[in-house]
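Here's the structure we're looking at; comments come further down.
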Amino acid sequence: MGLDAYLEDEFGEELDLFIDEGAVLSAAIPAGNASYPMLRYVDVEGVTAFNRLQLAVVIPELERLLQEAAPNTRHALSRVLKMAKKAASEPHLYLSLRGD
């Protein structure tokens, strides 16, 4: 079960997309882990969206995950981190994570 990532604008238009074909992103997300204040709430079977203010916390969490990640997971986390940084840099952009 994968966890796809979308960079979206305020109208829901997809500006960038990462399809988690191997479910590596889904496996890397620390759902329920209290040491990740925002990422612990990602619903790997549903939809989780982060706005610019929330991404100020999500980005360091993704960077921490990336540092600790296995080699096969780094590409997925790098792509999501890039989208998160873009969404945090402008108003009306969002990072949306959608599970299967």
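A few remarks follow.
- Scanning region 1-36 for residues that are out of contact with any Ser or Thr (no Cβ under 9 Å at 6 or more places or on another chain), farther than 16 Å from ALA84 by Cα and not polar (S, T, N, Q) gives PHE11, GLU21, GLY22, ALA23, PRO30, ALA31, GLY32, ALA34.
- Scanning region 9-45 for residues that are part of a loop (DSSP other than H, G, I, E, B) and touching a helix residue (DSSP H, G or I) at 6+ places or on another chain (Cβ under 7 Å) returns ASP20, ILE29, PRO30, ALA31, GLY32, ASN33, ALA34, TYR36, PRO37, MET38, VAL44.
- Long-range neighbours under 8 Å by Cβ, at least six apart or interchain, first residue without any contact (Cβ under 8 Å) to a residue 24 or more places away in the chain and closer than 15 Å to ALA87 by Cα within region 42-71, second crowded, with 17+ Cβ neighbours inside 10 Å and of a type in the set (Ser, Thr, Tyr): none
- Within region 1-10, considering residues that are of a type outside the set (A, V, I, L, M) and modelled with pLDDT of 95 or more, the one surrounded by the fewest Cβ atoms within 10 Å (Cβ to Cβ): GLU10
- The single condition from (1) in a loop (DSSP other than H, G, I, E, B); (2) among the aromatic types (Phe, Trp, Tyr); (3) closer than 15 Å to LEU95 by Cβ that TYR6 fails is (1).
- Qualifying residue in region 46-63 (condition: aliphatic (A, V, I, L, M), under 19 Å from GLU8 (Cα atoms) and not in a helix (DSSP H, G or I)): yes
- In region 68-100, the residues that are of a type in the set (Gly, Ala, Ser), part of a helix (DSSP H, G or I) and surrounded by fewer than 17 Cβ atoms within 10 Å (Cβ to Cβ): SER78, SER89
- Residue match in region 53-66 (condition: of a type in the set (S, T, N, Q) and touching a Ser or Thr at 6+ places or on another chain (Cβ under 9 Å)): no
- Hits in region 27-49 (condition: closer than 10 Å to ARG98 by Cα and not small (Gly, Ala, Ser)): VAL42, ASP43, VAL44, GLU45, VAL47, THR48
- When region 11-67 is filtered for residues that are β-branched (Val, Ile, Thr), closer than 14 Å to TYR94 by Cα, surrounded by 14 or more Cβ atoms within 10 Å (Cβ to Cβ) and in contact with a strand residue (DSSP E or B) (Cβ under 7 Å, 6 or more places away or on another chain), the ones remaining, listed by number, are THR48, VAL58.
- The single residue among VAL24, VAL58 that is within 14 Å of SER96 (Cβ to Cβ) and either touching a Lys or Arg at 6+ places or on another chain (Cβ under 6 Å) or of a type outside the set (D, E, K, R) (or both) turns out to be VAL58.
The values are calculated or read from the model by the stated rules, or taken from the named source; none is laboratory data. Remember, predicted model here, so these are calculated numbers, not experimental data. Ideal geometry is used to build each Cβ from the backbone, glycine not excepted, and the neighbour counts take in all protein chains shown.
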